[in-house]
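Reading through the structure tokens given below for one structure.
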Amino acid sequence: MQEKRNVQIIEWEDLDKKKFYSFGVFMTMTIRAGVYPATLIRTRLQVQKGKSLYTGTFDAFFKILRSEGVRGLYRGFLVNTLTLISGQGYITTYELVRKYVSTYTSNNTVKSLVAGGSASLVAQSITVPIDVVSQHLMMQGQGGDMGRFKVNAKGVRPAEHKMTFGQTRHIIIQIFTTDGFRGFYRGYVASLLTYIPNSAVWWPFYHFYAEQLSNLAPTNCPHLLLQAMAASTITNPMDVVRARVQVEGRSSVIETFKQLIAEEGMWGMTKGLSARIISSTPTAIVMAVGYETLKKMSLRPELVDSRHW
């Protein structure tokens, strides 16, 4: 027997795809712009040795703001916006895999689990090269000594330092010259180990939270915060390893993990955790509250009058 739901799940075939992608890009861009400073701070904290430059999230925020200005908090942002492509690939894969799995089971948890993991696999295949470049851009400024590549490398004309895409081009050239094409996929395995479990677990919970929030029951909201924080905490050690592999040019996830433990102990696994929670929690809330709203806005016109919420 099908469980009666307060929230009717809108499936892929119900959507006007043009509206869905247009609204989706706007929503994703808005979220990214809001949490990007925390993402930059997280990356610098994860890569730095000990507390050589920053003592924590807020210390990093004020130091970057004082020395680099607001623009310093958005280093690499324009390059990072290319992940909007992977974001649309992610959500398309999620919806299509859900539809495919529906032919084998009507269990919503199973559909969400399989679709979430599959979507993350596709998205990370697109995202990792963009992340590698944008993270090297994040390391410029105060964090310049932490990365392998610099925009003011020998042979680069000073006038080009001020150009975002000039900086990006020189980072790309240095990565390709040093590591070849494989350099753009450094940390790919670590990224999969970080994001696939997180995504696979998130979506089954997502439908539960959407159901609870539809009842306007504030007492359920803390559970959403706890789930987002728990996911960030559990996957943070692999995220630290991923950042170091990509920025420092390491080739072994296991060796990077061992070296991190040897140098900084178990506390090294928590580097950048508070900044990661700050960036991931609002995203989780917006997704839980806003994704079904996005789909409602994207319903095919002939279905609007037949749906009652």
Fill in the blank from the handout: Counting sequence-distant residues (5 or more places) and residues on other chains, those with an amide H built under 5 Å from that of L299 are D16
Handout entry: In sequence order, calculated HN-Hα J values of region 247-256 (Karplus, 6.51, -1.76, 1.60; Hz; x Gly/Pro)
Key = 7, 8, x, 6, 10, 10, 5, 5, 5, 5
Fill in the blank from the handout: Karplus ³J(HN,Hα) for region 96-108 (6.51 cos²θ - 1.76 cosθ + 1.60, θ = phi - 60°; Hz, whole; x = Gly/Pro) runs 5, 5, 4, 5, 5, 5, 4, 6, 10, 8, 9, 5, 5
Practice task
Order the following by accessible area, largest value first: R148, R244. Probe radius 1.4 Å; ligands, DNA and RNA are ignored.
Solution key: R148, R244
Practice task
Can you send over the solvent-accessible area of V289, 1.4 Å probe, protein chains only, in Å² to the nearest 10?
Solution key: 80 Å²
Practice task
Could you list, in their original order, any pairs among K19/K111; K19/K150; K18/K111; K18/K99 whose Cα atoms are separated by more than 30 Å?
Solution key: K19/K150
Problem - In Hz, Karplus ³J(HN,Hα) per residue of region 110-127 (6.51, -1.76, 1.60; θ = phi - 60°; x = Gly, Pro) - result: 5, 4, 5, 5, 5, 5, x, x, 5, 4, 5, 4, 5, 4, 5, 5, 8, 6
Fill in the blank from the handout: Volume per residue (Å³) of the convex hull spanned by the alpha carbons of region 37-149 is 117 Å³
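The values are calculated or read from the model by the stated rules, or taken from the named source; none is laboratory data. Just so we're clear, the structure is a prediction, and the values are computed from it rather than from any experiment. Keep in mind that these areas ignore ligands, DNA and RNA; they rest on the heavy atoms of the full protein, side chains included. Shrake-Rupley method; radii C 1.70, N 1.55, O 1.52, S 1.80 Å.
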